[in-house]
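To keep things clear, I will list the structure first and then write my remarks on it.
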């Protein structure tokens, strides 16, 4: 005797429009944060590169000025004053060499550039500190760099004294947790928080904007 087994037939059905729309929505919700994160990282990287270019241009300005002034930076002439002048005044000294005030603003900073380096120019139009004690003879000293470094609350003078007892760190402004710094040898380097702490052993004073 022959047995016949009758298997139930299964009919394939396509997605309905509602189901397809739901699947696409879920895929979008998964992919959107990844796209936004990648876009943010690319933007931050671009801003760090543009900031480094600003500092490279400023390094050339400082070096050019020093060649005409006995190999000394502007700070060597003005930081003997008590109290030391605010950071922006050192850039005013270089106004003939600085073609565009916008190189004094980091692309990642919320601050706005000044129209010029005379009327109305102040620390509020500046993204970069100035190393008051930087000299050509000590190439690893900080000449200038991103303003978002700190070892605690700034005094009223806005002069940050590098001290190994209070190691530096980056605040969350601009390129956190990294930053760009121009050294007295003319180079511009990216510093992590760990490297920044080690570099502070070179000492010196920073005029913060």
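Only the coordinates and a few stated rules stand behind these numbers; no lab work does. Since this is a predicted model, take the numbers as computed values, not measurements. Here the Cβ is made from the backbone with ideal geometry for all residues, glycine too, and neighbour counts use every protein chain on show.
Model label points for residue 115 and residue 30, set 7 angstrom from Cα along the Cα-to-Cβ axis, are 5.5 nm apart. How much length is gained if the chain between residue 56 and residue 187 is pulled fully straight, taking 0.36 nm per residue apart and subtracting their Cα-Cα distance, in nm to one decimal? Contour length minus the Cα-Cα distance gives 46.4 nm. Please give the residues of segment 112-147, grouped as numeric ranges, whose backbone N is less than 19 Å from a label point set 7 Å along the Cα-to-Cβ vector of residue 92. Residues 112-132 fall inside that zone.
At a temperature of 25 °C and a viscosity of 0.890 mPa s, determine how fast segment 20-207 diffuses translationally according to Stokes-Einstein, using the Kirkwood radius over alpha-carbon pairs as Rh; express D in µm²/s, rounded to the nearest whole number.
The estimated diffusion coefficient comes to 139 µm²/s.
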